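The values are calculated or read from the model by the stated rules, or taken from the named source; none is laboratory data. Here the structure is a predicted model, which is why all the values come from computation and not from measurement. Positions of Cβ are generated from backbone atoms using ideal geometry, with glycine treated the same way; all protein chains shown enter the neighbour counts. Please note that ligands, DNA and RNA were not included when accessible areas were found on the heavy atoms of the full protein model with its side chains. Shrake-Rupley method; radii C 1.70, N 1.55, O 1.52, S 1.80 Å.
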Amino acid sequence: MPEPRDPQSPAQSAGPPPPGTWVLGRVRGIRLTMRFTWLPVAMLLAIGFAAIIGQQFPGLGSWRYLAAFAFVVAFTVSILVHELAHALMAMRFGIGVSEINLGFFAAGTHIEGERKSPFEEFAVSVVGPIASLVIGGTAYLGSRAFDEGVAYVALWELGVANLIVGVTNLLPGLPLDGGWVLRAAVWKVTGNMHTGTIVAAWAGRLLAITVLAAPVLLEEIWGRQPSMIDFLIALAVGFFLWMGSTASLMQARLKRRLPQLQVRTMARRAIAVHAGTPISEAVRLASDAQAGAVVVIDGEGKPHALVSESAVAAVAQNQRPWTNVSEVATRIGPGHIIGVNDTGEEILKTLREHPASEYLVLDAGGSVYGVLATADIERTFRGR
């Protein structure tokens, strides 16, 4: 199944589950969750499968609903095995896995960080579809042990469903598992991970267009008149593929630009003033020094707060001589200090884990270098 790629620090926990999610438990430290939408979809699938069973075995009566729901649960377990295969393979390579989220159409394994080599990417991605194919083949062979009956129908349907999941996920285009396999192959050939992502993302877009055109192709090639259901399914699957591949493409372009972001070149020069300094005096000193930021220091000369530009602008000109910088300063919180030599990934990690509008920048010796504003990061990135 498609894997959400959400790079995080391996030390981080998965955090509280989002609204509309059940927490089922943990496997090997991995949190298992399920979307509430599983239940209505499961009921619809069970009703549909119950109709099939009812046609073939009218003597079952209302028991056909229990048999159909058991089939849906078995299929859900097979999806869990698919995702666990991804997770356990990632953990074998020392890659953290925080969560497996179950659903019929959007299951995912939250793997922390990028693979370190094309082989790791290939192994982690391909093992899920292989697990589905193995389950599908086993269920199909199991059905051969029954000439007829509910067990035969259930095993045959379970086998077909997993074979479809396995084959579909091997299609070479993001966000499907086959897209990550293609990414690994291009990465291996070119030596560039981002090139692999771009190729696999465009392949995903081509798959999306093909799926959208599938109902028309059915009529043109095989002479089958498409129904409204065919068009709705094609629209839903095609939209999913297009959005997933587009997100992967944007992420690849973002990561390609990250190494160009450097704290040293984006930080504003700062002046240091004591807490009792009037705002007007601090503004004058900053102007004389051609500095773009003000750092408030304590009696020992250590920085402990930052004066934001917006806070100063909110104070009227005639009030600035009578208002101290301490009244508009924001204390420097944990994680709101960044190194002058930090670059792309390190900058994003700080912004993600410790959100703030401004960060104190220190040089290698621990002295104040300047202030880095989030607005400057956004401006620099958009300008590249």
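Details
- Taking the longest Cα principal axis of the chain as reference, the axis of helix 150-169 is set at about 40 degrees.
- Accessible area per residue, Å², segment 31-113 with all protein chains present, probe 1.4 Å: 45 Å²
- Contact order normalised by residue count of the chain, Cα under 8 Å, 6+ apart, percent: 11 percent
- Split the accessible area of segment 301-384 by element, probe 1.4 Å, and carbon with sulfur accounts for 51%.
- Packing, as the average of other Cβ atoms within 10 Å across residues, places the peptides 33-42, 213-222 in the order 33-42, 213-222, highest first.
- Diffusion coefficient of the chain by Stokes-Einstein, Kirkwood radius over Cα pairs, 37 °C, 0.692 mPa s: 132 µm²/s.
- Computed over neighbours whose Cβ is under 14 Å from that of I338, the net charge equals -3, Lys and Arg +1, Asp and Glu -1.
- Paramagnetic reach from N318 (point 7 Å along Cα→Cβ, amide N under 11 Å) across segment 261-294: none
- Ligands, DNA and RNA left out, the accessible area of segment 63-123 computed with a 1.4 Å probe is 75% carbon and sulfur.
- Once C-alpha pairs closer than 8 Å and six or more residues apart are averaged by separation and normalised to the residue number of segment 232-384, the relative contact order reads 26 percent.
- Using the average count of surrounding beta-carbon atoms within 10 Å as a protection proxy, the listed peptides 73-79, 319-325 rank, highest first, as 73-79, 319-325.
- Descending semi-axes in Å of segment 242-321, equivalent ellipsoid built from Cα gyration tensor: 38, 16, 12
- Shown here is the pair-distance distribution of segment 80-171: with all Cα-Cα distances grouped in 5 Å bins from zero up to the longest one, the shares run 3, 15, 21, 20, 16, 11, 7, 5, 3, 1 percent.
- Neighbourhood charge, 12 Å Cβ-Cβ cut-off, centred on W22 and excluding it, Lys, Arg +1 and Asp, Glu -1: +2
- Carbon + sulfur, % of accessible area of segment 126-240 - ligands and nucleic acids excluded, 1.4 Å: 74 percent
- With all protein chains kept in place, the per residue accessible area of segment 178-269 amounts to 58 square angstrom at a probe of 1.4 angstrom.
- Highest average first, the peptides 304-314, 331-341 ordered by how many other beta carbon atoms sit within 10 Å of their residues are 304-314, 331-341.
- Within the chain, antiparallel bridges make up roughly 65 percent of the DSSP beta bridges whose residues both belong there.
- A cut-off under 15 angstrom between Cβ atoms defines the neighbours of I47, and their net charge, with Lys, Arg +1 and Asp, Glu -1, is 0.
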